[in-house]
Amino acid sequence: MTIDVRHLDYLVAAAESGSFRRAAEALHVRQSSVSRAIRQLEDDLGVSLFERRATGAHLTDAGRRLLREVRPALEQLEFARKAATAAGRAEIGVVRVGILTSLAGGFLRELVRYYGHRHPEITIDIRDGGRNDHVSAIRRRKLDVAFVTGDRGIADCQIATLGGEGSRRAS
């Protein structure tokens with residue numbers, strides 16, 4: 001059995017608000033969407049999760065038990081989503097940087113130091129090598145970014161010019 005995470009979000013919202021209507025308003029969806037999702041969840045599990053009354057929706061014992069188990073799982077999923085997003089934006093984790101030895105000082109040293117200061121959750125792994133080595137490593141996803149010289153285009157790479165020195169970044 002596969003449970004749709006949205007259905008679990010609807011369960012939490014309905015339990016917290018005590019109403020499918022208020023849950024729908026909080027989630028910016030239609031009440032019928034919440035009702036259908038809760039009914040599908042109940043059908044999948046084979047138990048009633050809510051007692052539906054004129055005064056609202058109240059969790060059954062099965063609903064309370066499910067909610068108790070679901071909340072930490074949803075929090076973990078949200079944490080995982082944020083961690084993946086942050087890693088994709090190079091805000092946490094390891095950033096592998098290719099730099100030519102001749103470029104390792106001055107501006108680039110300050111740039112890397114500044115980035116490391118702004119993102120203390122990042123480990124910067126600097127690798128020395130030549131232009132062709134770095135481009136090859138980028139294509140194989142062994143480097144996240146490389147600083148190279150020259151104004152030749154590099155196929156299959158995004159390139160940006162840094163400063164007036166003709167330095168280029170490939171990623």
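The values are calculated or read from the model by the stated rules, or taken from the named source; none is laboratory data. A quick note: this is a predicted structure, and the numbers were derived from the prediction, not measured. Counting neighbours? That spans all protein chains shown, and the Cβs are built from the backbone with ideal geometry, glycine included.
Looking only at segment 13-28, filter to residues that are buried (at least 18 other Cβ atoms within 10 Å of the Cβ) and touching a Ser or Thr at 6+ places or on another chain (Cβ under 7 Å); which one of those is nearest to residue 75 (Cα to Cα)?
So the residue we want is 23.
Condition first: surrounded by fewer than 12 Cβ atoms within 10 Å (Cβ to Cβ), over 26 Å from the mean Cα position of the chain (by Cα), outside any loop (DSSP other than H, G, I, E, B) and not hydrophobic (A, V, I, L, M, F, W, C). Can you find one or more residues in segment 29-40 that meet it?
Yes, segment 29-40 contains at least one residue that is surrounded by fewer than 12 Cβ atoms within 10 Å (Cβ to Cβ), over 26 Å from the mean Cα position of the chain (by Cα), outside any loop (DSSP other than H, G, I, E, B) and not hydrophobic (A, V, I, L, M, F, W, C).
Search segment 50-69 for residues being assigned to a helix (DSSP H, G or I) and of a type in the set (Gly, Ala, Ser), and hand back the single one that is surrounded by the most Cβ atoms within 10 Å (Cβ to Cβ).
Among those residues, the one meeting the criterion is 63.
Got a sec? Which of 135, 47, 148, 94 is assigned to a strand (DSSP E or B) and either out of contact with any Asp or Glu (no Cβ under 7 Å at 6 or more places or on another chain) or of a type in the set (Phe, Trp, Tyr) (or both)?
The match here is 148.
Considering only residues of segment 71-112 that are farther than 15 Å from residue 144 by Cα and among the β-branched types (Val, Ile, Thr), which is modelled with the highest pLDDT?
Going through the qualifying residues, I end up with 85.
I'm told residue 73 meets every condition in (1) within 20 Å of the chain's Cα centre (by Cα); (2) assigned by TED's automatic domain parsing to the domain that holds residue 144; (3) aliphatic (A, V, I, L, M) except one. Can you identify the failing condition by its number?
Residue 73 satisfies all of (1) within 20 Å of the chain's Cα centre (by Cα); (2) assigned by TED's automatic domain parsing to the domain that holds residue 144; (3) aliphatic (A, V, I, L, M) except (2).
Test residue 10 against the stated conditions and say whether it is free of Cβ contacts under 8 Å to residues at least 40 places away in the same chain, surrounded by 11 or more Cβ atoms within 10 Å (Cβ to Cβ) and over 30 Å from residue 137 (Cβ atoms).
Here the answer is yes, as residue 10 does meet what is asked.
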